[in-house]
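Q: Mind looking over this structure? Questions follow.
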Amino acid sequence: MSIIAGYTRAERQKRDAAVEAFAEMARRARKQEGCLDLSISSDSVDPERINIFECWRDQQAWNAWRKIAKAPRVALR
């Protein structure tokens with residue numbers, strides 16, 4: 001199992017739009033072979049923090065996803 005967990009920061013007025021911009025990518029990832037979970041979400045305490053969590057069956061599944069993920073370009077600052 002491969003777990004990727006972390007966070008990034010955005011200006012508070014841009015955070016929710018940034019999280020929403022990743023919604024379609026999260027939907028696609030969850031349908032991908034080997035994806036056990038993927039979440040990009042607003043932090044409940046810090047208005048500038050975006051939490052990132054990915055859980056994949058194995059490194060190969062994650063590598064395959066990274067090749068096709070096509071993350072949106074989002075201005076965080």
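The values are calculated or read from the model by the stated rules, or taken from the named source; none is laboratory data. Nothing here was measured: the structure is a model prediction, and the numbers come from that model. Cβ sites come from the backbone with ideal geometry, for glycine too, and all protein chains shown count toward neighbours. Protein only, heavy atoms only, side chains kept; ligands, DNA and RNA dropped before computing areas. Shrake-Rupley method; radii C 1.70, N 1.55, O 1.52, S 1.80 Å.
Q: Determine whether residue 29 is open to solvent by less than 80 Å² (accessible area, probe 1.4 Å), in a helix (DSSP H, G or I) and out of contact with any helix residue (DSSP H, G or I) (no Cβ under 9 Å at 6 or more places or on another chain).
A: When the stated conditions are applied, residue 29 does not pass them.
Q: Tell me which residues, restricted to region 24-61, are over 17 Å from residue 5 (Cα atoms) and either within 13 Å of the chain's Cα centre (by Cα) or of a type in the set (Phe, Trp, Tyr) (or both).
A: Correct list: 24, 27, 28.
Q: Same structure, new question: Can you name the residue in region 55-73 that is in contact with a helix residue (DSSP H, G or I) (Cβ under 9 Å, 6 or more places away or on another chain) and outside any strand (DSSP E or B) and is also most open to solvent (accessible area, probe 1.4 Å) among such residues?
A: Per the stated criteria, the residue is 73.
Q: Scan region 38-54 and tell me whether some residue there is open to solvent by 50 Å² or more (accessible area, probe 1.4 Å), at pLDDT 95 or above and part of a helix (DSSP H, G or I).
A: Checking region 38-54: not a single residue is open to solvent by 50 Å² or more (accessible area, probe 1.4 Å), at pLDDT 95 or above and part of a helix (DSSP H, G or I).
Q: Answer yes or no: is there a residue in region 9-18 that is of a type outside the set (Phe, Trp, Tyr), within 10 Å of the chain's Cα centre (by Cα) and open to solvent by less than 90 Å² (accessible area, probe 1.4 Å).
A: no
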